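Presented below is the structure to which this report refers.
The values are calculated or read from the model by the stated rules, or taken from the named source; none is laboratory data. This structure is a prediction, so every number in the text was calculated from the model and none was measured. All Cβ positions, even for glycine, are placed from backbone atoms using ideal geometry, and neighbour counts span all protein chains on display. These area figures cover heavy atoms from the full protein model, side chains too; ligands, DNA and RNA do not enter into them. Shrake-Rupley method; radii C 1.70, N 1.55, O 1.52, S 1.80 Å.
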Amino acid sequence: MKLFITGISTEVGKTVVSAIVTEALEADYWKPIQAGDLDNSDSHKIKALVSNFKTVIHKNAYVLKTPMSPHAAAEIDGVHIDLDAISEPRTNNHLVIEGAGGLLVPLNDSDTILDLIQSDYKVIVVSRHYLGSINHSLLTIEALQQRNFEVGVIFSGDKHPTTERIILEKTGISMLGRINEEKEFTKKEVKAYASKFRDSLLTF
């Protein structure tokens, strides 16, 4: 199974969700494009958060120095992001792929994060409640459904039943789990959430 993790915006919890899903499935992990924070990248964070010994963390296709949208970071680095140069790593294991920012974040003048998602991927949308999050969630899910992807959602942060009900009812997608507001996420918390989510992920 190949699972692509995207968010409705930035800073909604994609990397924590990626760690939990990776741990739950003892999957491999791959972040195609890393922009900024190279000494503590998302790949470093995943390595620090998973406990199993099966996960392989695969090399980024592009590593950009500036913490900006990939197209802007690439321009600063004098790099052009070419989709044809991004090759999915070979593995016989489950694979968790983490996007960058939201779904329509540009990679270059024509392609976005959405164009990274292959037809055999299932997509997990990370939705976090804030003013405007319903709109962002519905637009993200609609864009994915228009391309016929199988979509599930993980809610991140404080529970907000009305918001969550509207998103689920309007889209018809599955809720795969919820991550509460935690003081910090360590291997212990990630492992506990992984245990809770495992069944829903395996049947997704």
- prompt: Do we have any residue at all in segment 60-70 that's closer than 17 Å to Val153 by Cβ and within 15 Å of the chain's Cα centre (by Cα)?
  reply: no
| Does Ser119 qualify as being in a loop (DSSP other than H, G, I, E, B), farther than 17 Å from Val17 by Cβ and polar (S, T, N, Q)? | yes
| For Gly132, are the conditions met, namely being surrounded by fewer than 17 Cβ atoms within 10 Å (Cβ to Cβ) and out of contact with any Asp or Glu (no Cβ under 8 Å at 6 or more places or on another chain)? | yes
When segment 181-204 is checked residue by residue, the ones that are part of a helix (DSSP H, G or I), acidic (Asp, Glu) and surrounded by fewer than 17 Cβ atoms within 10 Å (Cβ to Cβ) are Asp199
Filtering segment 149-180 down to residues that are assigned to a loop (DSSP other than H, G, I, E, B), open to solvent by 60 Å² or more (accessible area, probe 1.4 Å) and closer than 17 Å to Val12 by Cα yields Asp158, Lys159, His160, Asn180
